[in-house]
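Step one of this worksheet: look at the structure below.
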Amino acid sequence: MQNNTFSTLFVGQNRIKLLAVDSTNNFLKDLVSKSEPLPEGTVIMADDQFAGRGQQENTWHAEPGKNLTISILLKPKFLPLNQQFLLNMAISIAINKVLTGYVANGFSIKWPNDIYYFDKKLGGILIESSVIGNTIKTAVIGIGLNINQQEFAEELTKTATSLHQILQEDVNLEELLIEICSQIESLYLQLKAGNYTFLREAYVDKLYKLNKPAIYRQNGEIFEGIIRGVTDLGLLNVERNGEITHYNFKEIEFLNHI
């Protein structure tokens with residue numbers, strides 16, 4: 001374990017750096033399950049995450065030593081269960097804000113929690129919560145960002161990008177981690193203070209394809225729709241033929257490359 005000189009109050013103050021691990025989320029969840037309590041804000045960082053996961057058990061591929069693969073322990077016991085999507089909003093906004101500091105335009109949040117640069121994916125978030133009764137005991141925040149990777153597998157060249165490909169130069173991963181921890185702590189404290197309206201508006205404002213006609217698929221049916229926002233529960237609001245339909249995770253597919 002390392003104590004850092006981060007300017008944060010708690011996020012990143014306790015950091016564990018690994019050379020290789022199957023999944024930083026799995027590693028952190030295993031630590032949490034042991035008897036000794038971990039401080040809130042503990043960060044797991046891996047040079048090589050060889051079995052990273054995304055939403056719905058999708059796999060996440062990252063070139064060793066080139067990218068940012070981390071997990072952060074939070075304890076949002078203050079957050080009502082029916083508002084837990086706000087945590088996803090806070091994390092997504094934080095990462096978007098950090099990346100916008102490197103490139104002013106082009107970043108967005110593809111619902112529910114992918115980080116996009118124009119029409120290409122740069123990263124993603126996986127939040128795994130432990131709930132006891134009506135309380136969120138812990139939340140393990142997994143974050144994978146393509147940072148210094150210069151090339152991708154052929155099947156990903158049209159759909160994935162990295163900060164290096166955008167900037168044409170490497171980014172210091174340690175400095176980036178400090179910025180992300182600082183922003184996440186700032187937005188998390190906004191959440192704790194109950195600034196729900198601010199978080200919802202900031203998240204919706206950065207939604208990929210917001211208010212733009214685009215092509216989607218549901219149960220094999222391809223249709224044109226317009227994203228109009230999200231519900232308090234995190235469902236996606238899509239306007240179809242003048243009416244708003246709500247979609248849960250994996251109920252709707254974005255078709256960017258038809």
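The values are calculated or read from the model by the stated rules, or taken from the named source; none is laboratory data. What you see is a predicted model; the values in this text were computed from it and never measured. Positions of Cβ are generated from backbone atoms using ideal geometry, with glycine treated the same way; all protein chains shown enter the neighbour counts. We work out accessible area using only protein heavy atoms, side chains counted, and drop any ligands, DNA or RNA first. Shrake-Rupley method; radii C 1.70, N 1.55, O 1.52, S 1.80 Å.
Using 7 Å Cα-to-Cβ label points, what is the Glu253/Leu233 separation (nm, one decimal)?
Placing both labels 7 Å along Cα→Cβ, they lie 2.4 nm apart.
Can you list the aspartates and glutamates whose alpha carbon is less than 13 Å from that of Lys158, not counting same-chain residues fewer than 8 positions off?
Asp119
So, R0 is 35 Å and r is the distance between the beta-carbons of Ser33 and Glu169; what FRET efficiency does that work out to, to 0.05?
Computed FRET efficiency for Ser33 and Glu169 comes out at 0.30.
Whole Å is fine, so just give me how far the alpha carbon centre of the range 108-167 lies from that of the range 172-200.
Cα centroid to Cα centroid, the span is 16 Å.
Mind listing the long-range amide H neighbours of Ala160? Cut-off is under 5 Å, sequence gap 5 or more, other chains count too, H placed in the peptide plane at 1.01 Å from N.
The list, which skips near neighbours in sequence, is Lys121.
Show me the helices of the chain, taken as full DSSP H stretches, that run 27 Å or more along their long axis by Cα and average 0.0 or above in Kyte-Doolittle hydropathy.
Span-like helices in the chain: 173-192.
Subtract the Cα-Cα distance of Asp47 and Phe198 from 0.36 nm times their separation in residues, and report this length gain in nm to one decimal.
Between Asp47 and Phe198, full extension yields 50.9 nm more.
Once you have all Cα-Cα distances for the chain, histogram them in 5 Å bins from zero and send the whole-percent values.
Percent of Cα pairs in each bin: 1, 6, 13, 17, 20, 18, 13, 8, 3, 1, 0, 0.
Which of the aspartates and glutamates could a cross-linker span from Lys66 if the Cα-Cα distance has to be under 13 Å and same-chain partners fewer than 8 positions apart are dropped?
The qualifying aspartates and glutamates are Asp47, Asp48, Glu151, Glu169, Asp170, Glu174.
May I ask which residue of Tyr117, Thr157, Thr245 lies farthest towards the positive end of the charge dipole of the chain, with charges of +1 (Lys, Arg) and -1 (Asp, Glu) on Cβ and the Cα centre as origin?
So the residue furthest toward the plus end is Thr245.
Just tell me which aspartates and glutamates come within less than 15 Å, Cα to Cα, of Lys29; anything on the same chain fewer than 8 places away is out.
Output for Lys29: Glu40, Glu128.
Any chance you could run the full-extension gain for Asn134 through Glu155? It's 0.36 nm times the residue separation minus the Cα-Cα distance, nm to one decimal.
Length gained, Asn134 through Glu155: 3.3 nm.
Not counting ligands, DNA or RNA, and with a 1.4 Å probe, what is Arg200's accessible surface area in Å² rounded to the nearest 10?
Its accessible surface works out to 50 Å², give or take rounding.
Note down the nm distance, to one decimal, between modelled labels 7 Å out along Cα→Cβ at Thr100 and at Thr8.
2.0 nm
Placing +1 at every Lys and Arg Cβ and -1 at every Asp and Glu Cβ, with all other atoms neutral, what dipole size does the chain have around its Cα centre, in debye to the nearest 20?
The dipole magnitude comes to about 660 debye.
Taking the Cα centre of the chain as the origin and placing charges on Cβ (Lys, Arg +1; Asp, Glu -1), which of Val230, Thr69, Leu167 is farthest toward the positive end of the dipole?
Val230
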